[in-house]
1. Would you point out the residue of the range 260-285, among those that are of a type in the set (A, V, I, L, M) and farther than 18 Å from residue 346 by Cα, that is surrounded by the most Cβ atoms within 10 Å (Cβ to Cβ)?
2. Quick check on the range 225-241: of everything there that is within 17 Å of residue 83 (Cα to Cα) and assigned to a helix (DSSP H, G or I), which residue is most open to solvent (accessible area, probe 1.4 Å)?
3. Filter the range 147-188 for residues that are among the small types (Gly, Ala, Ser), buried (at least 24 other Cβ atoms within 10 Å of the Cβ) and farther than 16 Å from residue 202 by Cβ and give the result.
4. Spot the failing condition for residue 257; the list is (1) open to solvent by less than 10 Å² (accessible area, probe 1.4 Å); (2) closer than 15 Å to residue 82 by Cα; (3) of a type in the set (Gly, Ala, Ser); (4) in contact with a strand residue (DSSP E or B) (Cβ under 6 Å, 6 or more places away or on another chain), and only one is missed.
5. Quickly run through the range 324-350 and pick out the residues that are within 15 Å of residue 278 (Cα to Cα), over 18 Å from the mean Cα position of the chain (by Cα) and in contact (Cβ under 8 Å) with a residue 24 or more places away in the chain.
6. Return the only residue of 303, 288, 322, 298 being small (Gly, Ala, Ser) and open to solvent by 20 Å² or more (accessible area, probe 1.4 Å).
7. If I ask for residues that are open to solvent by 10 Å² or more (accessible area, probe 1.4 Å) and among the small types (Gly, Ala, Ser), which ones from the range 189-219 would you list?
8. Has the range 334-349 got any residue that is surrounded by fewer than 18 Cβ atoms within 10 Å (Cβ to Cβ), in contact with a Pro (Cβ under 8 Å, 6 or more places away or on another chain) and not aromatic (Phe, Trp, Tyr)?
Amino acid sequence: MLARGREAGAWAASQPATSPAGTSLIRLDSNENAAGPCAASVKAIAEATQRSHVYPFRYDGVLEAAIAKRQGVSPANVLTGCGSSEILLNAVLAFTDERRSLIAPVPTFEEPARRARQLGRPVHDVPVGADLQVDLDAMARLVPDAGLIFLCNPNNPTSVALPLDRIRSFVTDALARSPDVVILLDEAYIEYADGGGVVSALPLALASPRVLVSRTFSKMYGMAGLRVGYAMGQPALLQRLAAWSLPMSVNTIGLHGAIAALEDTGLEARERARNAEARAFTVQRLEALGAKVPTSHANFVMADIGRDCIAFRDACRAQGVAVGRPFPPLSNYSRISIGTMAEMRTACDVFTSVLKA
């Protein structure tokens, strides 16, 4: 089966057959960054199209060096991939087998568990709590049988996040329970985190030979269509992961766009502020309608709308707004990506119309 992007497979399978005739959808369904790439990246992408005839190996190591400089690590601590999806899927291949299971919360980003099941490898699904937070205690009890622990922080689709002190305690305990387990901390949305002790766990990956952190240029950096991601950790662990990598999996255009984004040192602060403003507006409007919205550290919210999420999704789509697919067992929750302020004003008017109907 062909690998897909972080959202593509499940999104396509969950969509209604038709869109409202004559309308342009506001897409709040796949956690894309509606602001798009920064100006420097747009310029670099345009220029790189003139190099489309050139294989990416001509730029071997350039993106890794740029990431390393930005993150304060060595290039040997960086492994790039075709989006972070390649990193996550290859981690399943590298660190699980017929005996060593995958442990993952439910719901979370589904692709690691889906890949493990396709390969006939055991998967332990650990339901999130009533507060939508990951149940670390339940995950810890399963560690002795595991080859890989997948922990998305902030978690997709719940939007909530664990502070670093809880991540650190869990990692320390898990590594003590098993001499073999590898912990993959998916930080696709970590750049949006803004308080509560929620920060990157990169120091844990640099300190431990069995911890990886994955990142992507799809979210904060607005380049989901260019498929650029990376992992960080100790070189020996990255080498185990790299054994499963596709050759030249980061394309020439994508790597130049990513490098330009990294050179814009103000991008993250600007985008975090833009997202926070539109997110706060959306939460206020949803809560005024009676929805319950947990604190989000991402570019989306997971709103308890008090009704069937599929009916809500279809009603919103009929009025020109696409929201997220279902995430069982959270049947009354709708995942709503944060677009531009103008998009969220229009979308919230639609939400009001649907929820008051």
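1. Of all residues in the range 260-285, those of a type in the set (A, V, I, L, M) come to 260-262, 267, 269, 273, 276, 278, 280, 283.
Filter once more, keeping what is farther than 18 Å from residue 346 by Cα: 260-262, 267, 269, 273.
Values: 260: 23, 261: 25, 262: 19, 267: 21, 269: 10, 273: 11.
Among those that are of a type in the set (A, V, I, L, M) and farther than 18 Å from residue 346 by Cα, it is 261.
2. Across the range 225-241, the extreme among qualifying residues is 225.
3. 159, 174
4. Unmet for residue 257, out of (1) open to solvent by less than 10 Å² (accessible area, probe 1.4 Å); (2) closer than 15 Å to residue 82 by Cα; (3) of a type in the set (Gly, Ala, Ser); (4) in contact with a strand residue (DSSP E or B) (Cβ under 6 Å, 6 or more places away or on another chain): (4).
5. Hits for the range 324-350 are 340, 341, 343, 344, 345, 346, 347, 348.
6. 288
7. 193, 195, 196, 197, 200, 207, 208
8. no
The values are calculated or read from the model by the stated rules, or taken from the named source; none is laboratory data. Owing to the predicted nature of the structure, the values given are computational and were not obtained by experimental measurement. All Cβ positions, even for glycine, are placed from backbone atoms using ideal geometry, and neighbour counts span all protein chains on display. The area values use the complete protein model at the heavy-atom level, side chains included, leaving out ligands, DNA and RNA. Shrake-Rupley method; radii C 1.70, N 1.55, O 1.52, S 1.80 Å.
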